[in-house]
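The values are calculated or read from the model by the stated rules, or taken from the named source; none is laboratory data. Every value quoted in this text rests on a predicted model; they were computed, and no experiment measured them. We place every Cβ from the backbone using ideal geometry, glycine too, and count neighbours over all the protein chains shown. Heavy atoms of the whole protein, side chains included, go into the accessibility calculation; ligands, DNA and RNA do not. Shrake-Rupley method; radii C 1.70, N 1.55, O 1.52, S 1.80 Å.
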Amino acid sequence: MKSKKVLKAVFPVAGLGTRFLPATKSIPKEIMTLVDRPLIQYAIDEARAAGIKEFIFVTSRGKSALEDYFDYAPELESELRKKGKTDLLEVLKDTNMDSGAIAYVRQNRPMGLGHAVWCARRLIGNEPFAVLLPDDVIAAEKPCLQQMVEAYAETGGNMVAAMEVPPEKASSYGVLDIGSDMGSIVEAKGMVEKPPAGTAPSNLAVIGRYILSPQVLTNLNKIKQGAGGEIQLTDAIAEEIGKSKVYGYRFRGQRYDCGSKAGFLQATVAFGLSRPDLRDEFSAYLHDMVALQKAAQ
Ligand code: G1P
């Protein structure tokens with residue numbers, strides 16, 4: 001065991017979610033649902049499964065629905081209790097956080113992912129921490145962050161989730177320059193955020209799960225604006241290469257890019273089909289829809 005336990009996780013949720021306007025005019029993107037669970041619930045469930053005990057949200061104006069979501073709802077709960085709806089009371093349990101387990105800090109200007117994480121520096125302190133980007137929803141038998149925590153217990157250092165993407169898509173991601181490739185774990189010799197087309201060092205992309213050392217926060221103190229004029233988390237992690245280890249972890253699971261409409265729809269279909277209460281009806285419907293589409297062509 002080379003590393004300290006990871007007990008804190010940062011959830012950057014300050015983004016405006018403009019790709020989902022008009023919905024996001026009045027609801028935070030992270031409250032949008034895959035079937036009946038908000039995006040943020042999937043990220044919280046994954047963090048809990050990985051042993052996270054403290055949840056730090058980096059929010060912005062207009063995100064108060066997120067705070068309410070994780071609060072107790074005494075009127076609703078007593079109504080459900082009166083009506084004997086114990087199954088729904090059970091469903092609500094996942095949304096409740098122990099007092100003191102959740103903290104909110106505001107990012108008052110949209111200056112990028114690195115800046116959002118930096119806003120949480122005083123709450124993180126001097127220990128390793130996880131970052132989960134709720135837009136990246138990962139369906140996996142063993143939740144992705146749990147896989148990473150187990151790998152990190154052996155490696156220490158810094159670790160990012162990684163996935164092969166089609167080369168023409170690499171410029172939408174942080175990309176690893178592969179030093180040594182051990183299969184599920186890769187040691188990075190470089191990392192670049194959103195490389196211009198044709199310049200990516202590999203097609204191994206960073207996906208939104210990170211386990212980072214507090215040195216990355218120190219690096220963020222002095223990081224200059226990078227890709228897109230933003231303070232990039234990738235750049236602060238890349239600073240560590242040569243000083244400590246930076247690993248990519250090829251997780252087992254299916255990642256959905258719920259920051260895009262197509263990805264969100266794909267996740268909705270996949271999660272709908274994986275639900276025992278919906279599977280039969282929904283798959284019969286999809287089957288008919290596909291047949292209709294084909295007939296119309
Ligand atoms: C962020 C990170 C990028 C990573 C991506 C994964 O980018 O900056 O390194 O590859 O998430 O989803 P964004 O998609 O927020 O532009």
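The residue that is farthest from residue 115 (Cα to Cα), counting only those in region 258-273 that are within 14 Å of the ligand (Cβ to nearest atom) and buried (at least 19 other Cβ atoms within 10 Å of the Cβ), is 267.
Is it fair to say residue 255 is under 17 Å from residue 41 (Cα atoms) and modelled with pLDDT under 95? So that I can check it myself, show each step before the final result.
Details: under 17 Å from residue 41 (Cα atoms): yes; modelled with pLDDT under 95: no.
So residue 255 does not fit the description; no.
Within region 231-248, at least one residue is more than 21 Å from residue 147 (Cα to Cα), touching a His at 6+ places or on another chain (Cβ under 7 Å) and either of a type in the set (Gly, Ala, Ser) or surrounded by 10 or more Cβ atoms within 10 Å (Cβ to Cβ) (or both). Of all residues in region 200-237, those satisfying the criterion of being within 15 Å of the ligand (Cβ to nearest atom) and in a loop (DSSP other than H, G, I, E, B) are 200, 201, 202, 203, 223, 225, 226, 230, 231, 232.
When you scan region 158-178, do you find a residue that is open to solvent by 50 Å² or more (accessible area, probe 1.4 Å), within 16 Å of the ligand (Cβ to nearest atom) and of a type in the set (Gly, Ala, Ser), even just one? Yes: one or more hits. Considering only residues in region 31-72 that are without any contact (Cβ under 8 Å) to a residue 40 or more places away in the chain and open to solvent by less than 30 Å² (accessible area, probe 1.4 Å), the one that is farthest from the chain's Cα centre (by Cα) turns out to be 70. Name every residue in region 179-199 that is surrounded by 13 or more Cβ atoms within 10 Å (Cβ to Cβ) and more than 23 Å from the chain's Cα centre (by Cα), in order of residue number. Of everything in region 179-199, those that are surrounded by 13 or more Cβ atoms within 10 Å (Cβ to Cβ) and more than 23 Å from the chain's Cα centre (by Cα) turn out to be 179, 181, 189. Among the residues of region 30-49, the one identified as among the basic types (Lys, Arg) and under 13 Å from residue 69 (Cα atoms) is 37.
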